[in-house]
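Here the structure comes first, spelled out in structure tokens, and everything after it is commentary.
The values are calculated or read from the model by the stated rules, or taken from the named source; none is laboratory data. In this text the structure is predicted, and so the values were computed from the model without any measurement. Reconstructed Cβ throughout: ideal geometry from the backbone, glycine too, with neighbour counts over all protein chains shown. The protein model used for the area step is the full one, side chains on, heavy atoms only, and it has no ligands, DNA or RNA in it. Shrake-Rupley method; radii C 1.70, N 1.55, O 1.52, S 1.80 Å.
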Amino acid sequence: PATLARLYQHAPTFAPMHRLLDETIRRLPHKHGLRILEIGAGTGGTSAWLLPHLGENCEYVFTDVSAHFFDAARQRFAAYPCLQFRKLDIEQPPQTQGFEAGRYDLVVASNVLHATRDLAATVGHARSLLAPGGQLLLVEGTAPRRWIDLIFGLLEGWWAFADHALRPYYPCCPPNAGRNCSPHRISTPWQP
């Protein structure tokens with residue numbers, strides 16, 4: 001897990017995405033008291049970029065589909081008392097898992113939603129967590145990368161997608177790639 005955490009946090013292709021998330025957090029007008037939920041926080045690569053910029057009174061819910069990563073994350077982020085750890089399967093309605101609808105000012109999902117069966121439903125579940133005026137920050141690859149396929153393509157979850165009208169042959173959905181993968185094809189409740 002430590003090697004994977006370093007990959008997610010420092011790999012040349014992931015670091016620029018994290019810096020964009022970091023810049024987004026810095027620009028939020030009210031960093032103190034923010035309620036943030038991270039979907040699929042896993043090894044904490046994204047959390048490590050975001051947590052240092054948050055105020056003491058924030059609420060940061062570190063979620064994953066499995067509690068497997070929680071012990072390591074508790075140790076790694078022990079300096080952040082605002083951190084909570086909860087299981088969340090974003091493919092299922094969060095409200096059926098004890099999450100309050102409309103609670104979070106910021107929902108972050110970094111390189112995780114592609115690993116779901118139905119992207120439209122998953123994005124809808126993520127949006128259901130947003131408070132009025134809240135922001136959903138999604139970081140996802142949009143094109144095949146051979147080196148990623150060599151690592152993650154060996155995992156069953158990489159190929160879990162079943163929404164073939166949106167993603168006909170690959171888990172990533174490129175923006176403006178025609179009628180099959182256009183972001184405008186993602187149906188309710190998400191609207192661009």
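Against the definition (touching a Phe, Trp or Tyr at 6+ places or on another chain (Cβ under 8 Å), of a type outside the set (Ser, Thr, Tyr) and in a helix (DSSP H, G or I)), how does Leu37 come out, yes or no?
no
Would you mind listing the helices (runs of 4 or more DSSP H) fully within the stretch 57-153 where at least 1 residues are polar (S, T, N, Q) and crowded, with 17+ Cβ neighbours inside 10 Å?
119-128
Anything in the stretch 81-126 that is in contact with a helix residue (DSSP H, G or I) (Cβ under 9 Å, 6 or more places away or on another chain), among the β-branched types (Val, Ile, Thr) and more than 17 Å from Ala67 (Cα to Cα)? List them, or say none.
Answer for the stretch 81-126, where residues must be in contact with a helix residue (DSSP H, G or I) (Cβ under 9 Å, 6 or more places away or on another chain), among the β-branched types (Val, Ile, Thr) and more than 17 Å from Ala67 (Cα to Cα): Val107, Val108, Thr116, Thr122, Val123.
Does the stretch 154-164 hold any residues that are open to solvent by 50 Å² or more (accessible area, probe 1.4 Å) and modelled with pLDDT under 85, and which are they?
Listed by number, the residues that qualify are Leu154, Leu155, Glu156.
Given (1) at pLDDT below 80; (2) surrounded by 14 or more Cβ atoms within 10 Å (Cβ to Cβ); (3) not hydrophobic (A, V, I, L, M, F, W, C), identify the lone condition not met by His30.
In the conditions (1) at pLDDT below 80; (2) surrounded by 14 or more Cβ atoms within 10 Å (Cβ to Cβ); (3) not hydrophobic (A, V, I, L, M, F, W, C), His30 misses (2) alone.
What is the residue count in the stretch 154-176 for residues that are in contact (Cβ under 8 Å) with a residue 24 or more places away in the chain and assigned to a loop (DSSP other than H, G, I, E, B)?
So the count comes out to 12.
If you check Leu51 against the conditions, is it open to solvent by 60 Å² or more (accessible area, probe 1.4 Å) and outside any loop (DSSP other than H, G, I, E, B)?
No.
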